[in-house]
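Let me begin by presenting the structure, written as structure tokens, before commenting on it.
The values are calculated or read from the model by the stated rules, or taken from the named source; none is laboratory data. Just so you know, these numbers come straight off a predicted model, no measurement behind them. Virtual Cβ from ideal backbone geometry, glycine too; neighbours counted across all protein chains shown. These area figures cover heavy atoms from the full protein model, side chains too; ligands, DNA and RNA do not enter into them. Shrake-Rupley method; radii C 1.70, N 1.55, O 1.52, S 1.80 Å.
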Amino acid sequence: MARLDPALQALALDPVPERNRNDWSSLDPQSPVALFRPRTTEDVAAIMTAAHTTGTVVVPQGGLTGLSGGARPIEGGVALSLERMTGVIDVDEAASTMTVWAGTPLEVIQKAAEERGLYFSLDLGARGSCAIGGNVSTNAGGNRVIRYGMARDLVLGMEVVLPDGTVLTNLNKMMKNNTGYDLKQLFIGAEGTLGIITRLVLKLHPLPGATHAAVLGAASYDAVLNMLTAARRGLGPNLSAFEVMWPDYWNIAMRAEGVRSPLAGEHAFYVLIESQGTDEGIDGARFEKFLEALFEQGVIEDGAMSQSLSDVKAFWATRDAAAEFKALLGPHMAYDVSMSVGRMDEYAQACRTRLARDVPGCLSCYYGHIGDGNLHLLAWVPGDAAQPQAEISKVVYEIIRDFGGSISAEHGIGLTKKPYLSYSRSPEELALMARIKAALDPKGILNPGKVIDAPLPATEDRT
Ligand SMILES: Cc1cc2nc3c(=O)[nH]c(=O)nc-3n(C[C@H](O)[C@H](O)[C@H](O)COP(=O)(O)OP(=O)(O)OC[C@H]3O[C@@H](n4cnc5c(N)ncnc54)[C@H](O)[C@@H]3O)c2cc1C
């Protein structure tokens with residue numbers, strides 16, 4: 001703090017509230033020197049200009065629901081929260097876009113779109129707490145990627161403040177704009193290491209007029225794959241979610257408050273399929289026909305189809321129960337990996353076996369956005385407050401490397417996955433990432449130590 005321009009002190013909070021000392025990762029909290037809560041892009045630019053001049057480390061913070069330690073402050077540095085830069089700036093119905101401040105909670109954006117008969121398709125369990133700037137900075141995925149894509153696919157324009165305080169404003173609303181490098185892509189998924197996003201233009205879709213869901217029980221992973229192929233063919237563009245839960249996950253989820261199984265028996269796999277259409281009559285009949293065909297072909301053992309939107313919500317509760325696992329399991333490690341859809345059960349089996357063998361007492365459970373090739377897994381040693389984090393991560397990531405998959409499907413690298421980044425990226429890719437970081441942040445002041453280290457140039461080149 002003492003090293004920053006006194007004019008900026010009015011934007012700072014000191015001491016720093018407890019909640020700004022960590023995100024949702026299992027890392028220990030850190031105390032920044034101060035917390036800045038700017039109100040405007042100009043404020044952010046002034047803070048970054050001063051930080052650049054004084055060499056002060058800045059960590060951007062959104063809703064702090066990140067699971068990789070990306071928004072965790074750095075000792076001796078400051079945190080910059082976007083919590084005061086919230087609200088919808090403009091909804092353009094003809095262009096089907098919404099312009100928002102980066103600190104706006106995701107749920108606020110979803111509701112604002114809905115009020116106008118429009119739909120913002122990004123959705124995840126942390127919707128009430130996470131902010132759109134954090135969602136875009138982590139390139140969040142969530143529940144409906146199979147239909148609408150990830151956060152990256154929903155951003156048309158962006159305003160971002162660079163580490164030296166330069167403001168790049170390109171609030172583009174156009175679908176087509178091939179005018180050189182698409183600079184916004186650099187900042188999407190960069191986890192606040194290249195710039196601070198202040199405003200965004202988001203792509204909206206029509207509000208679905210008909211939503212149907214089913215929970216299905218399957219006897220084998222081959223049957224799950226058959227279901228996925230049939231859903232892509234039978235539901236076409238209406239297929240909006242294809243979630244799979246293994247019994248180890250399912251049995252814990254059923255202990256969460258308000259969650260109950262819509263199926264009577266036990267199954268080797270539980271599948272949640274959702275369809276979003278525009279016409280209740282046509283799309284409801286199509287969904288029913290699709291399910292009937294699955295039954296007739298013997299692909300499913302048992303199934304429940306939604307009769308109302310409250311059924312759809314109740315079905316999703318089986319999957320959203322993951323948010324309650326902190327309370328149900330106690331300390332545990334959470335992973336989100338991706339790989340070829342066809343090999344996911346093979347991966348789950350290998351992981352379960354090796355964790356039990358190599359980490360004494362370790363249990364694990366599996367679930368995920370399987371239609372997107374994204375598997376989540378939780379691993380824990382019951383009763384161990386510290387958890388053997390390094391041992392568990394080694395098993396999970398070594399197997400994913402052998403499977404040719406990705407160590408992070410959607411939660412990002414942050415701090416927790418940084419030691420394993422080379423499992424999923426080539427040396428040449430890592431070198432280019434480091435060069436990009438060094439080019440945009442030559443003094444290494446913006447969220448340093450997260451995602452990738454950039455070798456700093458010699459002191460005389462850094463002014
Ligand atoms: C219950 C639960 C369910 C979840 N489900 C999913 C899921 O299904 N899919 C998924 O992808 N994620 C999921 N997550 C993870 C998390 O919600 C997402 O990563 C989310 O996008 C983070 O947003 P945030 O605002 O909380 O960001 P934060 O945690 O505050 O920050 C995340 C990263 O972005 C940077 N950042 C934040 N704001 C800005 C900004 N304006 N400019 C530049 N950098 C910035 C931070 O420095 C940090 O590196 C879940 C988390 C929880 C707790």
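Can you spot a residue in the range 363-379 that is in a helix (DSSP H, G or I), open to solvent by 50 Å² or more (accessible area, probe 1.4 Å), modelled with pLDDT of 95 or more and of a type outside the set (Val, Ile, Thr)?
The answer is no; no qualifying residue exists.
Given Gly258, Gly265, which one is open to solvent by 30 Å² or more (accessible area, probe 1.4 Å), at pLDDT below 95 and in contact with a Gly (Cβ under 9 Å, 6 or more places away or on another chain)?
Of Gly258, Gly265, the one residue that is open to solvent by 30 Å² or more (accessible area, probe 1.4 Å), at pLDDT below 95 and in contact with a Gly (Cβ under 9 Å, 6 or more places away or on another chain) is Gly265.
Just to verify a result, which residue in the range 132-171, among those that are over 28 Å from Asp372 (Cα atoms), touching a helix residue (DSSP H, G or I) at 6+ places or on another chain (Cβ under 7 Å) and part of a loop (DSSP other than H, G, I, E, B), is most open to solvent (accessible area, probe 1.4 Å)?
Top of the filtered list is Asp164.
Given the range 78-121, what strands (runs of 3 or more DSSP E) lie entirely inside it while holding 2 or more residues that are small (Gly, Ala, Ser), touching a residue at least 40 places away in the same chain (Cβ under 8 Å) and within 20 Å of Val44 (Cβ to Cβ)?
78-81
Scan the range 172-195 for residues that are within 15 Å of the ligand (Cβ to nearest atom) and part of a loop (DSSP other than H, G, I, E, B) and jot them down.
Passing the criteria: Leu183, Ile188, Gly189, Ala190, Glu191, Gly192, Thr193, Leu194, Gly195.
Return the total of residues in the range 398-414 being buried (at least 21 other Cβ atoms within 10 Å of the Cβ) and closer than 24 Å to Asn135 by Cα.
Qualifying residue count, the range 398-414: 9.
Kindly evaluate Ser129 against the criterion of being more than 22 Å from Gly236 (Cβ to Cβ) and open to solvent by 50 Å² or more (accessible area, probe 1.4 Å).
Considered against the rule, which asks whether it is more than 22 Å from Gly236 (Cβ to Cβ) and open to solvent by 50 Å² or more (accessible area, probe 1.4 Å), Ser129 comes out as yes.
Confirm whether Arg144 is more than 9 Å from the ligand (Cβ to nearest atom) and at pLDDT below 95.
yes
Being within 9 Å of the ligand (Cβ to nearest atom), touching a strand residue (DSSP E or B) at 6+ places or on another chain (Cβ under 9 Å) and at pLDDT 95 or above is the filter here; which residues of the range 46-78 pass it?
Matches in the range 46-78: Val59, Pro60, Gln61, Gly62, Gly63, Leu64, Thr65, Gly70, Ala71, Arg72.
Restricting the search to the range 73-113, which residues are of a type in the set (D, E, K, R) and over 16 Å from the mean Cα position of the chain (by Cα)?
Glu75, Glu83, Arg84, Asp90, Asp92, Glu93, Lys111 - these are the residues of the range 73-113 that are of a type in the set (D, E, K, R) and over 16 Å from the mean Cα position of the chain (by Cα).
Please note which helices (runs of 4 or more DSSP H) are completely contained in the range 222-340 and include at least 3 residues that are in contact (Cβ under 8 Å) with a residue 40 or more places away in the chain and either under 22 Å from Cys351 (Cα atoms) or within 16 Å of the ligand (Cβ to nearest atom) (or both).
247-253, 309-320, 325-329
Report, by residue number, each residue of the range 289-303 that is in contact with a strand residue (DSSP E or B) (Cβ under 6 Å, 6 or more places away or on another chain) and open to solvent by 20 Å² or more (accessible area, probe 1.4 Å).
Glu301, Asp302, Gly303, listed by residue number.
Return the residues of the range 200-209 that are surrounded by fewer than 21 Cβ atoms within 10 Å (Cβ to Cβ) and in a strand (DSSP E or B); say none if nothing qualifies.
Listed by number, the residues that qualify are Lys203, His205, Pro206.
Might you check whether a residue that is over 25 Å from Gly414 (Cα atoms) and touching a residue at least 40 places away in the same chain (Cβ under 8 Å) occurs anywhere in the range 64-71?
Within the range 64-71, not a single residue is over 25 Å from Gly414 (Cα atoms) and touching a residue at least 40 places away in the same chain (Cβ under 8 Å).
Give the residue that is nearest to the ligand (Cβ to nearest atom), with candidates limited to residues of the range 434-450 that are aliphatic (A, V, I, L, M) and open to solvent by 20 Å² or more (accessible area, probe 1.4 Å).
If we take residues in the range 434-450 being aliphatic (A, V, I, L, M) and open to solvent by 20 Å² or more (accessible area, probe 1.4 Å), then Leu440 is nearest to the ligand (Cβ to nearest atom).
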